[in-house]
Every structure is written in C-alpha cells, then in structure tokens.
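In what follows, a structure is listed as structure tokens, so that the remarks can point back to it.
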Amino acid sequence: MYRPSDVCLGKGLGRGRGGGNSKGVSTTESEEEAGQLGKDSYRWTEGNDLSSLRSGLTNSNSQNPPPPSSTKQSSLRVGEDCMLYRCMECGEVLEQFSNDDLGMCIIILSTFVYRQPILAAPLLPRMLKTVARVCGSEVFSWQYESSIHLPGSATSIGRQFLRCVLHQLAPNQIFNQIFNTHIEDHQRVQLFKTLAQALTDFNELNPSAPIHLLLENLNSRKVLPTNNLTHLLGNVATYMECVGGEASLGSMLSPALVPLFDTFLRKVLLCAPALDPASLRPIMRLLVAVMRIPGIAAHKNILDPVSKLLSHSIQNTPMEYQHLSDLCHLCTRIFSRERDKLLLPRLVVYELVQALKFKTSIPDTNLVLLVQLVVQDSGGTLGSNTVVGDLPRDLQDIHHLHNTCAAECMRSHLHDALEFIADVHTLTKVKSNCRTSVGLNEDTMGGLVKAGISQYLALEITRGNSRDNRAITKYLPWLNNPPTTVTQGPREFIDCVSHIRLLSWLLLGALTHTCLGGTSSSMACQPVPPEASCHIADHIQVILAGFAEQSKASVLHMSSLFHAFILCQLWTVYLEQSAGSPGSESFTSCLAILTDFWAKVTPGILQLVSHSKVLGEMVNLHFMSLMEALHECHSTVLARLLPLWAPVLYTHHIKLPGQLAVRLQACQNAAPPSDPTHPIPNPSTTATTPTLSSHSSSLLRWLHRLQFKMGQIELQSSAATQFYSV
C-alpha cells in the first residue's frame with residue numbers, strides 16, 4: 001500500500017490504449033520487449049511531467065468512471081487514503097511513484113542494458129531522457145542549490161545508471177548517436193546537464209571523453225555529413241555549455257580537445273556554404289564554447305578556422321549580440337600577442353567597414369549588432385530599437401561590460417565613418433540592401449545605423465579633443481573656416497548644407513549618449529566645443545541668406561532650410577544639456593553663448609520671412625516646429641526669447657491662421673515640468689542599470705522622432721522626390 005508520505009516524486013502517465021496517444025513509452029515499459037522483466041510495470045510519457053498534464057486530483061473513495069479495459073489491475077491496488085491523479089478526458093489513473101520505486105526501476109533498466117544491450121539499443125534514447133528527467137527532479141529544495149545527493153536516492157541511482165551505460169557502450173559509438181539525435185530544446189539542456197553532472201566525478205569517463213570520442217570519429221572521415229550537421233553542432237554546443245556551467249570557464253574540459261576542434265572546425269568551414277544560413281546559428285555558440293576551453297592560448301592556430309567561421313556567420317546568418325561580444329572579449333583576454341588578441345575584433349570591424357562602404361551585404365540585424373558592439377565598447381549604447389528589439393538589461397548597462405577592443409580597432413577607420421555620415425545617399429543604399437527587414441524597419445534602419453555611428457564618432461572626437469580641440473580640428477577642419485555670404489555659389493551652398501547635416505548627426509549622437517548614459521556616465525560627450533557657436537551661426541546664416549535664390553535648384557537645396565532649423569534645435573539643446581546646474585559659472589557662460597548665437601541667427605530669419613509671403617509661411621512652419629521642440633525639451637531659451645520670437649509669425653498676418661495660432665498658444669500657455677529629474681520607475685531595471693529621468697525620457701523620444709525626420713529627408717533628397725516635411 002502506498003502512503004501519502006511515500007509519494008515524493010510524481011511523473012505523469014500516458015493514456016491507455018483506449019485513451020488515444022500512447023507514444024513515448026520508456027524506462028519500465030521496456031520489459032515488454034525484454035520478456036516481462038518486472039512483474040508490475042509503469043508507463044512513462046516523454047516530455048510530460050506533473051505540471052503539463054491536464055488531470056484532476058481525486059480520492060480513491062470518490063465515484064469515478066469505470067477504468068478502461070486496458071488498465072492494468074496492478075495500478076488499482078492502492079489504499080483508501082491514497083490520492084490519485086486521473087486524466088480529465090479518459091479517467092486513466094495517473095500514478096505516482098515513491099523514490100525507492102523509481103530507484104528500483106532504474107536498477108532494472110541498468111540490468112536490462114547490461115545483459116541485453118542489443119534489445120535495449122532501440123530504447124536507449126528514451127531511457128536516457130527519462131532517467132535524466134528523474135535525476136533532474138530533486139526531492140528537497142536545498143538540493144537544487146547543492147551538489148550533495150542523498151545516497152540510495154533515485155537521483156544518485158540515475159546518475160550511476162548513466163555512468164555505467166555510457167561507459168559500457170562508449171566503444172559502440174553511443175556518443176555519436178546521442179549527439180546526432182534531434183532533441184527538443186527543453187529536453188536537450190536537461191539531458192546534457194545531467195550527463196555532465198554524472199561524469200564530473202567519474203574517473204573512467206570524464207566530461208571531456210564524449211566530445212573527444214565524437215571528434216575522433218568525425219575527424220577520421222573525409223567529409224562531414226551535412227544532412228544532420230545542424231543538430232550535431234547544437235548538441236555539442238549545449239553539452240559544452242553545460243560542462244562549463246558546472247565549473248567556471250569550462251575548466252572540466254581537457255586542453256587536448258583544442259587540436260581536435262581545430263581539425264573539426266576546418267571541416268565544418270568546408271560544409272558551411274552548402275548549409276542553409278538559418279541552420280548556422282549553433283556555430284556561434286560552439287565557437288564561444290571552444291574559446292572557453294582552458295589552455296587554448298597555446299593553440300593560436302585555432303583562431304584561423306574560428307575567424308573564418310565568424311566572418312561567414314556575419315555575412316550570412318543572423319546572430320545574437322551576446323555571442324559576438326563574448327567571442328571578441330575572450331580573444332582579447334586569452335591571447336597575449338597583439339596580433340592574436342585583436343584578430344577577431346579587427347575582423348568584426350573590417351566586416352562593419354565593408355558594409356558601411358557597401359562593398360558587402362550582410363543581414364541588417366547583424367549590421368546593427370556590429371554598430372552596437374563598436375558603440376558599446378566606446379562607452380555608449382544604441383538602446384532598444386525596432387530592428388533587434390530590447391537588448392537584455394545586462395547588455396544595456398554600459399558601465400559593467402567586458403572590453404572587446406572593437407572601438408580601438410575602429411579608430412583607424414574614423415574617416416570612413418565620417419564619409420558614411422556625410423553622404424546624403426547613404427540611407428538609400430542601406431534601404432536597398434536590407435535583406436530581412438520588412439515594413440517600417442526599411443525606413444528606420446538607416447537612421448538607426450547613422451545615429452549609432454554618430455554616437456561613436458562623438459565619443460571618439462570627445463576623447464581626442466583634450467584642451468586644444470585637436471580632434472575636431474582634424475576631422476572637421478571646415479568648422480573654423482565658415483563660408484561668407486558675399487562670395488557664395490551653388491557649390492559653396494551645397495557644401496554648407498553637407499556640413500550642417502554632418503554637425504546635426506554628431507550632435508544627435510552626443511545627445512543620445514547623454515540621455516542613455518545618464519548622470520552615471522563616466523565621460524561627458526561633447527565633441528563640438530561651445531566656442532564653435534559663432535562658426536555654426538555663420539553656416540546657418542549662409543543657408544538663410546542663399547535659400548531664396550538656391551532653393552529651386554534641387555530637392556537637396558530645398559531641404560537646406562529644414563537642416564538649418566534642425567541644427568538650431570540641436571545646438572540649443574546640446575549647450576543646455578552641457579551647461580550644468582543653474583547658478584554655476586558654466587551655466588551662465590552657456591546661456592551667454594546661446595544668446596549670442598540667436599542674436600546672429602534671428603536677423604537672417606527675419607530677412608527671409610520678409611522676402612515673400614510664400615517663403616514667410618514656410619519659415620513660420622519651421623519656426624513654429626522649432627519652438628515646439630524647445631518646449632518639449634524644457635529649454636530655458638524658449639522662455640527667455642518667446643516674447644521676441646512670437647511677433648516674427650505675424651510678419652504677413654494680422655491674425656494667425658487657426659492651426660498656427662493654436663500651436664503658438666500651446667507654447668505660451670504650457671506649464672513648466674513639476675520635477676524633471678524624477679526617475680521613471682521600471683520594474684525590469686536592475687541596481688546597476690541607470691534609470692532615465694522624466695526629462696531624459698522625453699528628450700530621448702524627441703531625439704528618436706528627429707532621427708526619423710532627418711532620415712526621411714535624406715531619403716527623399718537622395719531619390720530627388722519633391723517631398724518636404726516640417
């Protein structure tokens with residue numbers, strides 16, 4: 001008789017023959033093929049546990065429907081006080097087993113495998129999965145956090161069963177069969193984790209032995225079989241991850257595996273072009289696991305197949321950011337020679353630069369991940385985006401990440417990055433090269449990549465500026481030599497528009513870093529010094545003075561006014577964000593610089609408004625958008641200059657049109673924010689991840705919309721379409 005106290009580990013039973021599905025029979029069901037080894041047998045269903053069964057809890061005294069004719073009589077021999085699980089559909093009794101019963105069943109299976117291995121061979125996959133499920137189900141909660149197991153328990157017996165079976169059948173290439181078997185993801189991790197735990201303290205067959213025997217067999221072949229290579233790579237990667245999870249950095253793996261993996265990965269490289277790109281994803285997991293093998297620093301030749309497989313994956317297969325970051329970090333940490341330690345980061349940067357030059361076409365998600373890797377190594381982040389979704393919280397924390405040296409390798413390509421930002425046709429090329437994005441992503445991806453590269457440029461120029469602003473003089477030599485409004489032609493006008501666009505992207509990247517980095521950022525991102533304010537105003541004056549004559553030349557000329565007002569917005573917010581706390585000397589200095597800036601720009605706006613009524617209405621729309629943007633960003637300049645700016649809108653109107661009047665009234669009547677520094681609660685935020693204040697959050701939303709507008713204007717200008725957005 002079973003007592004309730006004996007029931008300590010439950011497993012759901014499959015339906016009987018009359019109940020429908022009866023597949024997945026394993027463990028003690030094997031006596032039907034072996035000649036009824038046990039008198040009483042129990043039926044197991046693969047992948048089913050107690051929580052996955054649609055069953056009801058009933059007492060044996062209750063009025064239950066009559067059992068099906070196929071129900072074994074032994075399953076009805078229970079006490080009156082025993083609680084039974086019955087299927088909600090067929091009434092089949094779903095039995096529970098005591099820990100001793102489970103251990104006895106496993107011993108019977110072990111005896112069966114030992115004495116009749118030929119009969120047991122077809123049932124071995126189900127046996128291993130079921131026993132692994134028993135080994136992974138602990139009796140007490142403290143056992144999940146400890147490596148100590150009760151002697152004589154089903155868990156200990158199950159692990160001994162795994163050791164004996166694997167050791168007995170290792171000469172019969174059982175590991176080849178295990179690693180080539182297609183296993184569901186939820187079962188795969190449980191099976192290989194249990195195998196790794198069982199072999200950890202087994203001297204005759206250590207955790208490296210399964211991989212060693214498998215690779216020896218595969219390397220003896222001339223060509224790897226491609227029909228099942230995907231499952232093989234995934235299973236090997238999962239097993240190595242499980243072994244590495246039991247000891248830090250895979251210390252249980254033998255260094256003797258590295259030469260075997262060198263040969264194996266070279267064979268995989270030959271098969272990679274023939275495989276479906278979607279099936280290559282396990283390769284990155286396998287490469288990370290190989291790089292964690294201790295003693296790999298003595299085998300630098302392994303970097304050759306690793307780098308080639310990484311390059312092939314970047315060009316053909318969507319990847320995960322964690323794998324890309326881990327590979328670069330492990331390479332820089334393990335190897336000592338600069339040539340070896342920077343091999344993988346340089347390869348990643350090379351693929352990124354080739355994609356930015358449009359010499360190669362890679363999956364768009366990979367392009368965003370490469371940009372994210374470079375930006376994050378430099379101290380920034382792209383944050384969440386529509387292309388790759390939300391990055392994990394630990395990857396968004398830019399202050400607690402491993403060094404990948406990607407930013408260092410990218411410094412020799414800063415001029416290429418500047419050309420990418422300055423080219424007006426860049427976004428059109430990015431959109432035409434999109435390989436996996438659909439819908440809105442086709443329009444937003446180019447702007448996202450440009451914003452990421454701009455943030456990286458802003459950070460690197462900030463680092464190189466020091467006291468004499470050497471970096472800004474090196475990369476933007478035209479900033480200190482603005483064109484004059486006296487001698488300007490179409491060529492000078494176009495150059496000025498290009499300079500304004502480039503400055504706008506740089507400021508956008510700097511402000512994005514300020515919002516995402518928060519106050520805990522280790523470095524203030526200020527690529528353009530405040531002293532350049534007068535030169536920026538000169539560039540804007542050139543646009544305002546020449547727009548009336550040059551605007552009809554092309555769409556690019558026509559969009560120049562949009563870029564000029566965008567730069568005014570960004571420069572105002574940029575200086576206010578770097579001004580510091582109110583009342584400080586830097587705050588007073590920045591306000592004075594902004595006052596001088598608008599004192600130079602406002603006369604040009606007035607002159608353009610008075611040129612004609614058509615131009616006046618166009619400028620009014622831009623000017624109104626500027627005031628709304630400054631209001632959204634809580635700009636102090638708007639409150640100071642709004643009484644002077646409002647009359648500009650009445651130049652050609654005694655009374656403003658309805659919509660324009662409503663927008664102006666909203667700016668005039670808007671109340672200041674109650675607490676702009678109050679952080680927005682986020683339940684998924686960790687203690688190490690900085691929270692965004694309400695001011696930073698609203699500023700970030702404005703930057704995202706502005707990024708989209710700038711991208712759309714460049715797309716339409718490049719396509720020569722008469723499109724104008726305010």
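Numbers at a glance
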quantity: Förster-model FRET efficiency, 25 Å R0, C90 and Q116, C-beta, rounded to 0.05; calculated: 0.15
quantity: Calculated FRET efficiency for the pair K474/N176, C-beta based, R₀ 45 Å, to 0.05; calculated: 0.15
quantity: Accessible-area order (highest first, 1.4 angstrom probe) of the listed residues H186, H631; calculated: H186, H631
quantity: Computed E for H299/A548 - FRET, C-beta separation, R0 60 angstrom, nearest 0.05; calculated: 0.30
quantity: Order by protection proxy (mean Cβ within 10 Å, highest first), peptides 116-126, 577-587, 189-199; calculated: 189-199, 116-126, 577-587
quantity: In Å², nearest 10: area of K308 left accessible to a 1.4 Å probe; calculated: 100 Å²
quantity: Accessible area of V424 in the full protein assembly, 1.4 Å probe (Å², nearest 10); calculated: 20 Å²
quantity: Pairs from K431/K600; K222/K359; K308/K359; K267/K341 whose Cα-Cα separation, in the structure shown, is over 29 Å; calculated: K431/K600; K222/K359
quantity: Built amide H within the under 5 Å cut-off of S98, gap 5+; calculated: none
quantity: Residue-span extension gain [S610 to D201] - 0.36 nm each, minus C-alpha spacing; calculated: 138.5 nm
quantity: Extension gain, K359 back to T588 (0.36 nm per residue minus Cα-Cα distance, nm); calculated: 77.6 nm
quantity: Neighbourhood net charge (14 Å Cβ-Cβ; Lys/Arg +1, Asp/Glu -1) for W478; calculated: 0
quantity: Whole-Hz couplings from phi, Karplus 6.51/-1.76/1.60, listed for segment 232-239; x for Gly and Pro; calculated: 4, 5, x, 5, 5, 4, 5, 4
quantity: Length released on extending from S466 to N433, taking residue separation times 0.36 nm less the Cα-Cα span; calculated: 8.0 nm
quantity: Virtual spin-label span in nm between A599 and S220, 7 Å along Cα→Cβ; calculated: 8.8 nm
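The values are calculated or read from the model by the stated rules, or taken from the named source; none is laboratory data. It should be emphasised that the depicted structure is a prediction, and the values quoted were computed from it without experimental measurement. Every residue, glycine as well, gets a Cβ built from its backbone with ideal geometry; the counts of neighbours run over all protein chains shown. With ligands, DNA and RNA removed, areas are computed over all heavy atoms of the protein, side chains included. Shrake-Rupley method; radii C 1.70, N 1.55, O 1.52, S 1.80 Å.
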